[in-house]
Amino acid sequence: MTIANQKGGVGKTTSAVNLAASLSMHGQRVLVVDLDPQGNASTALATEHRAGAPSIYQVLVEDLPLESIVTEVPDMPGLFCAPATLDLAGAEIELVPMVGRETRLKRAFAAFESKMNFDYILIDCPPSLGLLTVNAMAAAQEVLIPIQCEYYALEGLTQLLQNVELVRAHLNQTLTVSTILLTMYDGRTRLASQVAEEVRSHFGATVLDAVIPRSVRVSEAPSYGQSVMTYDPGSSGAMAYMEAAREMAYRGAAVADA
Ligand code: ADP
Ligand code: MG
């Protein structure tokens with residue numbers, strides 16, 4: 001599942017990390033692939049990502065096998081991270097002349113999936129619609145779009161959905177926008193509830209019932225290399241992410257039964 005939105009600061013990384021942690025706490029084997037040169041997901045998952053360290057960059061550009069960079073997250077059984085380093089900033093350009101530049105990640109997954117047996121792979125995208133995000137979409141079955149409950153929330157969404165369509169038409173027929181997650185909801189403002197209502201009326205059942213509240217605990221957790229569920233399990237943010245993960249797992253199970 002690819003977590004994408006070309007806007008920065010909407011909660012992509014926070015959602016990737018906390019949904020992955022929640023799913024692993026439900027007993028699932030989960031991999032987070034960090035595809036943002038900033039490496040915020042790697043930091044939040046306490047995974048080494050100095051420049052030059054083995055990372056998703058070498059997988060995409062130098063054909064290093066994915067399993068050689070996947071590491072288990074400390075104190076989180078079943079949760080794994082494929083880290084990103086600043087080297088990845090160059091990949092956006094280095095990939096351009098390569099054969100199959102849009103499907104490098106897809107190829108890496110194909111060689112890897114049977115070996116590691118993950119229940120979920122969550123890909124954290126950079127804030128752009130460039131080649132890295134295209135690689136993420138080409139490699140995934142589903143797209144999850146986090147939407148921040150603020151003004152301009154829907155700005156850029158048309159473009160994002162068009163890109164999903166293009167990837168589906170040319171690279172990956174199975175791709176769907178399966179999930180929309182409302183993030184940073186501030187219950188005290190009318191604007192937040194208006195945005196949430198607008199998104200629900202547009203996207204219907206694609207939107208998870210669970211809404212992630214704006215919460216200081218959510219923003220503090222990564223600096224301790226923790227998910228909010230381990231940092232403060234009783235907090236509103238932790239409970240909301242657990243609930244969102246439960247809904248996702250339930251939907252996944254329903255699809256598998258169908
Ligand atoms: P993106 O990956 O889309 O750029 P992030 O997940 O990094 O966005 O979130 C942007 C900033 O907002 C970060 O500083 C993060 O800690 C903070 N943040 C994300 N979700 C919440 C939330 N529910 N409550 C409070 N702060 C949040
Ligand atoms: Mg991010």
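The values are calculated or read from the model by the stated rules, or taken from the named source; none is laboratory data. Keep in mind that what you see is a predicted model, and the values were worked out from it rather than measured. With ideal geometry, Cβ positions are generated from the backbone for all residues, glycine too; neighbour counts draw on all protein chains shown.
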Quiz item: Restricting attention to the stretch 201-215, which residues are farther than 10 Å from T179 by Cα and either touching a helix residue (DSSP H, G or I) at 6+ places or on another chain (Cβ under 9 Å) or near ligand 1 (Cβ under 10 Å from one of its atoms) (or both)?
Solution: H202, D209, A210, V211, I212, P213, R214, S215
Exercise. Considering (1) away from ligand 1 (no atom under 16 Å from the Cβ); (2) surrounded by 20 or more Cβ atoms within 10 Å (Cβ to Cβ); (3) part of a helix (DSSP H, G or I), say which one I121 fails and leave the rest.
Key: (3)
Quiz prompt | Unmet requirement for M137, which otherwise passes all of (1) part of a helix (DSSP H, G or I); (2) in contact with a Gly (Cβ under 6 Å, 6 or more places away or on another chain); (3) among the hydrophobic types (A, V, I, L, M, F, W, C) | solution = (2)
Quiz item: Looking only at helices (runs of 4 or more DSSP H) that fall completely inside the stretch 6-69, which ones have 1 or more residues that are farther than 20 Å from D87 by Cα, over 13 Å from the mean Cα position of the chain (by Cα) and modelled with pLDDT of 95 or more?
Solution: 12-25
Quiz item: Among E155, E150, which is the only one that is outside any strand (DSSP E or B) and within 12 Å of ligand 1 (Cβ to nearest atom)?
Solution: E150
Quiz item: Quick one: which helices (runs of 4 or more DSSP H) sit completely within the stretch 178-258 and have at least 2 residues that are away from ligand 2 (no atom under 16 Å from the Cβ) and in contact with a Pro (Cβ under 8 Å, 6 or more places away or on another chain)?
Solution: 236-257
Quiz item: Residues of the stretch 173-215 being touching a residue at least 12 places away in the same chain (Cβ under 8 Å) and acidic (D, E), which ones?
Solution: D186, E198, D209
Quiz item: Does the stretch 141-162 contain any residue that is of a type in the set (D, E) and in contact with a Ser or Thr (Cβ under 7 Å, 6 or more places away or on another chain)?
Solution: yes
Quiz item: With respect to M76, is the statement that it is more than 22 Å from M242 (Cβ to Cβ), more than 13 Å from ligand 2 (Cβ to nearest atom) and assigned to a loop (DSSP other than H, G, I, E, B) true?
Solution: no
